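First the structure, in the form of structure tokens, and then the observations on it.
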Amino acid sequence: MSLTIRSGEICALMGPSGSGKSTLLSVILGISDPTAGSVSVGGSLVNSLTVRERAALRWKSIGSVQQQPDLLPELTVLENVELPLVFDRALASTATQRARELLSAVGLDGHEDQRVDSLSGGEAQRVSIARALSRPGLILLLADEPTAALDRRSAQRVFDVLRELSASQGVGCLLATHDPFIADQCDEIQRLGDA
Ligand SMILES: Nc1ncnc2c1ncn2[C@@H]1O[C@H](COP(=O)(O)OP(=O)(O)O)[C@@H](O)[C@H]1O
Ligand SMILES: [Mg+2]
């Protein structure tokens, strides 16, 4: 496959279960190595970086969202979104404000102090998107079937949030999905494993 993800655009990654969607995302993250070919993120050739450099690239440039939102249950909604900011000295002082703005952008005003285990699946996924995009300067968001566990309405809401945030922050998004209704709304569709 040859694939270019542009800033602010969403590319759907489709293919049957086991076709390698998650594997491709892990190659782009620099967690797995490709047997052939190469991946470049923001001009950095991921395959040629050391483990430490890959970790730095992920931290600086790549956000990621899984099918099951892996929020920390000990923390509130707001604290979950603040978490990637408080580790960064330059961002820590404005972490709360930024997290509140993001939660508002994903339609979760008023849920700041809620425990994450009392959120619906769709709400939890929107929190995980806010968290994934909390650090400014990201260029790529990798989303692995983020709507697969949701009903149509909640899935659409999650997609709308992805669309708005990736456009407003100029982040390119690669979205693995089985759902043709979601894929049809993306800027581009790439298919795996149906040769
Ligand atoms: N860590 C791993 N080690 C070995 N094989 C794996 C590993 N992860 C996935 N696979 C295999 O790679 C193939 C693609 O899996 P995956 O990328 O998870 O597909 P998809 O996300 O499209 O369902 C499958 O045959 C799977 O069993
Ligand atoms: Mg998968």
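The values are calculated or read from the model by the stated rules, or taken from the named source; none is laboratory data. Quick caveat, the model's predicted, so the values are computed rather than measured. Neighbour counts are summed over all protein chains in view; Cβ atoms, including those assigned to glycine, are modelled from backbone coordinates with ideal geometry.
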| Looking only at region 169-183, and only at residues there that are assigned to a loop (DSSP other than H, G, I, E, B) and touching a residue at least 60 places away in the same chain (Cβ under 8 Å), the one that is farthest from LYS21 (Cα to Cα) | GLY170
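Here is a check on your reading of the model: is VAL65 free of Cβ contacts under 8 Å to residues at least 24 places away in the same chain, closer than 19 Å to LEU174 by Cβ and in contact with a strand residue (DSSP E or B) (Cβ under 9 Å, 6 or more places away or on another chain)?
Details: free of Cβ contacts under 8 Å to residues at least 24 places away in the same chain: no; closer than 19 Å to LEU174 by Cβ: yes; in contact with a strand residue (DSSP E or B) (Cβ under 9 Å, 6 or more places away or on another chain): yes.
No; evaluated as a whole, the condition is false for this residue.
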| field | Flag for GLU74 being in a helix (DSSP H, G or I) and charged (D, E, K, R) | value | no
| message | Please verify whether LEU57 is buried (at least 16 other Cβ atoms within 10 Å of the Cβ), away from ligand 2 (no atom under 16 Å from the Cβ) and not small (Gly, Ala, Ser), treating the condition exactly as stated. | response | yes
| query | Considering GLY193, GLY172, which residue is within 28 Å of GLY42 (Cβ to Cβ) and at pLDDT below 95? | reply | GLY193
| query | Counting just the residues of region 1-50 that are in contact with a Ser or Thr (Cβ under 6 Å, 6 or more places away or on another chain) and polar (S, T, N, Q), which one comes out nearest to ASP179 (Cα to Cα)? | reply | SER26
| field | So ILE129, is it among the β-branched types (Val, Ile, Thr) and part of a helix (DSSP H, G or I) | value | yes
| Check on LEU85, assigned to a loop (DSSP other than H, G, I, E, B), touching a Leu at 6+ places or on another chain (Cβ under 9 Å) and free of Cβ contacts under 8 Å to residues at least 60 places away in the same chain | no
| message | Among the residues of region 134-149, what is the count of those that are within 16 Å of ligand 2 (Cβ to nearest atom) and assigned to a loop (DSSP other than H, G, I, E, B)? | response | 5
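In region 33-45, which residue that is more than 16 Å from LEU141 (Cβ to Cβ) and hydrophobic (A, V, I, L, M, F, W, C) is farthest from ligand 1 (Cβ to nearest atom)? Give the steps one after another, and end with the answer.
Just the residues of region 33-45 that are more than 16 Å from LEU141 (Cβ to Cβ), to begin with: 33-38, 40, 43-45.
The next check asks that each one be hydrophobic (A, V, I, L, M, F, W, C); those that pass are 36, 45.
Working: ALA36: 15, LEU45: 22 Å.
Only one residue tops the list, namely LEU45.
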| request: Give the residue that is surrounded by the most Cβ atoms within 10 Å (Cβ to Cβ), with candidates limited to residues of region 1-32 that are more than 23 Å from VAL158 (Cβ to Cβ) and away from ligand 1 (no atom under 12 Å from the Cβ). | output: GLY30
